[in-house]
Amino acid sequence: MPRILLKTEDHSRDSAGMRYVYPVISRRAGGVSVGINLNPNNACNWRCVYCQVPGLTRGGPPPIDLALLERELNEFLTWAGSGDFMATRVPAGARRLVDLAFSGNGEPTSAAEFADAVALAGRVLAAHGLAGKLVMRVITNGSLLDRKSVQAGIAGIGGFGGEVWFKVDAGTAAGFTRINGTRVRPDLVARRLAACAALAPTWVQTCMFRIDGELPAEQELHAYLALLAPLAPVLAGVHLYSLARPSMQKEAPRLGRMDAGWLEQMAARIRQLGLAVRVSP
């Protein structure tokens, strides 16, 4: 396997030389995250302007080879637990496994095998003595929560004591189109978010940034807060962050990182809704 020293600025999906399994250092999770990439073809049903996936295309994933996924996950967890992975690939301050995350190069719930992959991951974690120790997560745009199969996968994650990070980057239909490249009504996002929270502990994941040097419009921020307010009692909280790695999309030159002070001010507004907020500048 290639000797690549992991760093927060690089979330390469092939750092372990595997098709589905890849380790990254997650600044928000606070250590090594074991990623599962169910979209190895770089296809997604959204096209977020800040997406770090090169060659991103619209669409869904190819069929998932669950047997290969299981072999890779077993191999990696063995390498991380009793091999030289931590010593040779991870900086000293981050040498701990913190989660297993369904993320990758597209929307993970778009895989027809998503629920089966969740069940598989639970079995493998248990076999390695990591059940209840390594948090299982899915990072999702939530667009497919109306599907029964997706609900089954989310419920499985909840059953394993895991959680969902649900992307909400805007509060208006125009905002979702501009940032995420999708046409969706805010009321539909809210309904899917509520459905998700009923199946597993759910954090909202929000990326805020400058476009053409301009801060997010106050109208957009107000709409975002209004979307979250009724759901505050059922949500675990909000992960608020800005750009950490360069976008690979055509809009990249137009995007700018928010400073920590602005993010903290926005976090204070979110906390007024009764929500916990974790800020990652």
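The values are calculated or read from the model by the stated rules, or taken from the named source; none is laboratory data. Since the model is a prediction, treat every value here as computed from it, not as a measurement. The area values use the complete protein model at the heavy-atom level, side chains included, leaving out ligands, DNA and RNA. Shrake-Rupley method; radii C 1.70, N 1.55, O 1.52, S 1.80 Å.
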Kirkwood hydrodynamic radius for segment 100-203: how many Å is it when counted over pairs of different Cα atoms? 14.0 Å
If each DSSP helix of 4+ residues adds -39,500 (n - 2.57) and the sum is divided by the residues in the chain, what number results at 222 nm, nearest 500 deg cm²/dmol? -10000 deg cm²/dmol
For segment 204-211, Karplus-derived ³J(HN,Hα) couplings (6.51, -1.76, 1.60; θ = phi - 60°; whole Hz; x for glycine and proline) come out as 7, 10, 10, 9, 10, 7, 7, 10
Once neighbouring chains are kept in place and the probe is 1.4 Å, which whole percent of the accessible area of segment 27-98 is contributed by carbon and sulfur? 53 percent
Projected area of the chain, taken from the Cα convex hull and averaged over every viewing direction, in nm²? 13.6 nm²
Amide H within-cut-off set for Lys167, under 5 Å, with H built and near neighbours excluded: Thr140, Asn141, Gly142, Gln205
Find the accessible area per residue for the chain; the probe is 1.4 Å, ligands and nucleic acids are left out, and the unit is Å². 42 Å²
Theoretical gain in end-to-end length, Arg185 to Arg278 [0.36 nm per residue, Cα-Cα removed]: 30.9 nm
For Val279, Val53, the accessible-area ranking with a 1.4 Å probe, largest leading, is Val279, Val53
Mind telling me which of Gln52, Gln249, Gln265 comes out most flexible in a GNM of the chain, alpha-carbon contacts under 10 Å? Gln265
Figure the gain on full extension for Ala268 and Asp84 (residue separation times 0.36 nm, minus the Cα-Cα span) and round it to one decimal in nm. 62.0 nm
Rounded to a whole number, what % of the accessible area of segment 163-247 do carbon and sulfur atoms account for, probe 1.4 Å? 59 percent
